[in-house]
2 protein chains.
Amino acid sequence: MIKKAKLLDIAEALGISTGTVHRALHNHAGVSSVTKARVQQMAKTLGYRPNLAARYLSSKRTLRVSVNTLKGTTSFWDEVRAGISEEARALVMENIEIEYRTYPRLGEGEEEAFEAALKAGVDGIITFPSRPQSLQAWMRRASRGGIPVVCVATDAPNTGRLAVVSIDTLASGSLAADLMGHFLSGEGTVAVTLSSVAITEHSEKYKGFASTLSGLYPKMKVLEPLEDHDIETVCYEKSRELFKNHPELAGIYVTTEASIPVLNAARDAHVLDKVIFITTDLFPALVPEIRSQAVAATIYQRPRTQGRRAFRVLHEFLVEGECPSFQVTLAPHLVMRGNLDFFLQRQTLESTPQRAVGVPSDSPEMIDYFG
Amino acid sequence: MIKKAKLLDIAEALGISTGTVHRALHNHAGVSSVTKARVQQMAKTLGYRPNLAARYLSSKRTLRVSVNTLKGTTSFWDEVRAGISEEARALVMENIEIEYRTYPRLGEGEEEAFEAALKAGVDGIITFPSRPQSLQAWMRRASRGGIPVVCVATDAPNTGRLAVVSIDTLASGSLAADLMGHFLSGEGTVAVTLSSVAITEHSEKYKGFASTLSGLYPKMKVLEPLEDHDIETVCYEKSRELFKNHPELAGIYVTTEASIPVLNAARDAHVLDKVIFITTDLFPALVPEIRSQAVAATIYQRPRTQGRRAFRVLHEFLVEGECPSFQVTLAPHLVMRGNLDFFLQRQTLESTPQRAVGVPSDSPEMIDYFG
DNA sequence: TTGAAAGCGATACCAG
DNA sequence: CTGGTATCGCTTTCAA
């Protein structure tokens, strides 16, 4: 291994001082464009990589990141935030401040939150772009200003965002389809519910589901997706209608968190035990439905891990100036009655993280179920 | 936030020098037991936490860790090692050297490898204890000597090991059982194969499977586990016997990587399409079996993630003197025909990790499927 | 626009 | 046994 170049090396090579080199490399004001160019060139040829420890040690600056997410309607966003602060806490370098900005519902107040973060002069933003379109202008502005933005759960295309952390939606849909096919022995009509086909995340799940089903189980039939537009009553009513119009329905895949209204509709229509349910996410109200076999399986989207990874990517960029990956796509977990308890147990334990000092005894205690 | 105490603070509080404080805190020779006690007491009351950046900057020591695993019989251990070096590379602090020691088969040469690592004076060990019993003496010796040991994939109880990283075996078995129950509509006789009931990992999978099956699907019946003792021919022969003696067999859960011999036996016995297969792990030979529906589902044990987490735990302990968790238990991933391609695609991509500098364009490229 | 120098907190060595 | 001090590589301020 070649000894790595430091600021002094490039300063001496150029016959200048380390102060100038530093300013040149950081595009600070007060450096002639010629020396700046010479420095940057020399840094490249010497393969200069900053020593993060030294930087941290001498720097008094503290990084500020804004986390813009949905107010905890369900536990999903609470888990995402928990993952973020968990990862931040675990960080060796503790010069990081996290500001949480939340908005009450999809598309409501997220522009304001983003603007506020920008105005506050944060160094980076983690956001859930519930309405990518409306956020686009703000995100472009951030990226033009050199503020990295990481999207969680959903992507916001053409926004110059640094990275996106999400579940593989196509795979989620495909897994749901394959399971459904198996559960129904390859026959029957199935439905899919989603918020809106306009949302990439949802339409991809539908696409994955439909294409896998038609590919692997040609005898099965998928209905047109049911759009609930994130409104519970709409979801319930449309579901009732679905069950009335399609008495032959054998299965349904709910791609969003909105599975309870569908389940209630099925119950009220007395078709609950005739229809195989595959749902999404895991939250308290869903637990009894899984226990009672009303829901055969749910696709868990690992919100805590999404939060952890989002923070890691952003932090790595802020500290090293490198982006480990533009897209972190996680495989979803499958939760059924059989392994449900293991996930719940984990969720409980997770609220009281345990750390130990020194070489511990033989008593395992922490289960990283959601990892 | 209270300003954190540093060496100088505790030195001044005691009217001594930082050098003495340093030696006292590190149990270095040449400190009177009284001052050592005073220092340690004061450190505690001041809540002293060492500044890792400063330590790294001033220390010329490089950490050496030995990774003792099975030579790549299948891709499993290659993936584990890949995860380890991946995580090591990503580390900000780069004063780490990894030495890989491998052994050809289970229980063969692992004591020697462990002894060699100890003799070489490494600072920590990550190991797969294929024969926990035989390794026990060595591991205790390591822990007595203050050398932290992290187990991957399998635990080695009562060895003073620092931590264990593994898949939740009970949950794996339970998930397999619930799937099996669904696939078979709650009826039929099923079998389980494993290496040996003496191996905790395997017997737990069996236990999870059996208890979940009897709990959720009382009409189903589980046969006594079939032990193959890690010998392919034994596995094949016993499987043939099984199929002959139990023509009513409807499903089989293979808890180990040894699914190919079982599949071949089923094929040769002409029962392949009458038996639902749920297997473990994912490797090239299994791919066509999943594609052809011979295998309904496989439980993927995320070797890469296991490697990553094992390294993280060990590193954190070496650097911070803290163990983040004694037990990292991961939820397995379920792979079926529907989502198989997504996992394979990931495996390909993973061999050529991509990093980018600066704010990248809108072209997602990396899929962290195995995360 | 540039240079010089004072830290940051821990380690390691040399004197006493 | 203990104190003093140079050192690690970078940031930041003060002079020039």
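Every number here is computed from the coordinates shown, using simple stated rules; none is lab data. In this text the structure is predicted, and so the values were computed from the model without any measurement. Because the Cβ atoms are built from the backbone with ideal geometry, glycine has one as well, and the counts that use them run over all protein chains shown.
Taking the residues in the stretch B:240-254 that are out of contact with any strand residue (DSSP E or B) (no Cβ under 7 Å at 6 or more places or on another chain) and part of a helix (DSSP H, G or I) as candidates, determine which candidate is surrounded by the most Cβ atoms within 10 Å (Cβ to Cβ).
B:R240
Determine whether the stretch B:78-88 contains at least one residue that is within 13 Å of DNA strand C (Cβ to nearest atom), crowded, with 18+ Cβ neighbours inside 10 Å, assigned to a helix (DSSP H, G or I) and within 14 Å of another protein chain (Cβ to nearest Cβ). Before you say what the answer is, go through the steps one by one.
The first filter runs over the stretch B:78-88 and keeps only residues within 13 Å of DNA strand C (Cβ to nearest atom), leaving none.
Scanning the stretch B:78-88 turns up no residue that is within 13 Å of DNA strand C (Cβ to nearest atom), crowded, with 18+ Cβ neighbours inside 10 Å, assigned to a helix (DSSP H, G or I) and within 14 Å of another protein chain (Cβ to nearest Cβ).
Within the stretch A:6-31, track down each residue that is of a type in the set (G, A, S) and without any contact (Cβ under 8 Å) to a residue 12 or more places away in the chain. Let's see the steps before the verdict.
To start, the set of residues in the stretch A:6-31 that are of a type in the set (G, A, S) comprises A:11, A:13, A:15, A:17, A:19, A:24, A:29-30.
Residues satisfying the conditions are A:A11, A:G15, A:S17, A:G19, A:A29, A:G30.
Of all residues in the stretch B:94-145, how many are among the charged types (D, E, K, R) and farther than 25 Å from B:R61 by Cα? Show your work before the answer.
First pass over the stretch B:94-145, keeping only residues among the charged types (D, E, K, R): B:94, B:97, B:99, B:101, B:105, B:108, B:110-112, B:115, B:119, B:123, B:131, B:140-141, B:144.
Among the residues that remain, those that are also farther than 25 Å from B:R61 by Cα are: B:105, B:108, B:110-112, B:131, B:140.
Residues that pass the stated criteria total 7.
So which pairs qualify, if the first residue must be in the stretch A:177-192 and among the aromatic types (F, W, Y), the second must be buried (at least 24 other Cβ atoms within 10 Å of the Cβ), the Cβ gap must be under 8 Å, and the two must be at least 6 apart or on different chains?
A:F183/A:G251
Residues that are within 10 Å of another protein chain (Cβ to nearest Cβ): find the strands (runs of 3 or more DSSP E) completely inside the stretch A:154-226 holding 3 or more of those. Lay out the reasoning, then the answer.
Numbers: elements: A:163-167, A:188-194, A:220-222.
Output list reads A:163-167.
Can you confirm whether the stretch B:50-67 contains a residue that is within 23 Å of B:E201 (Cβ to Cβ) and either within 16 Å of DNA strand C (Cβ to nearest atom) or in contact with a strand residue (DSSP E or B) (Cβ under 6 Å, 6 or more places away or on another chain) (or both)?
If we filter the stretch B:50-67 for residues that are within 23 Å of B:E201 (Cβ to Cβ), which is where we start, we get B:66-67.
After this cut, where a residue has to be either within 16 Å of DNA strand C (Cβ to nearest atom) or in contact with a strand residue (DSSP E or B) (Cβ under 6 Å, 6 or more places away or on another chain) (or both) as well, the list is B:66-67.
Yes, there is a match, as at least one residue in the stretch B:50-67 is within 23 Å of B:E201 (Cβ to Cβ) and either within 16 Å of DNA strand C (Cβ to nearest atom) or in contact with a strand residue (DSSP E or B) (Cβ under 6 Å, 6 or more places away or on another chain) (or both).
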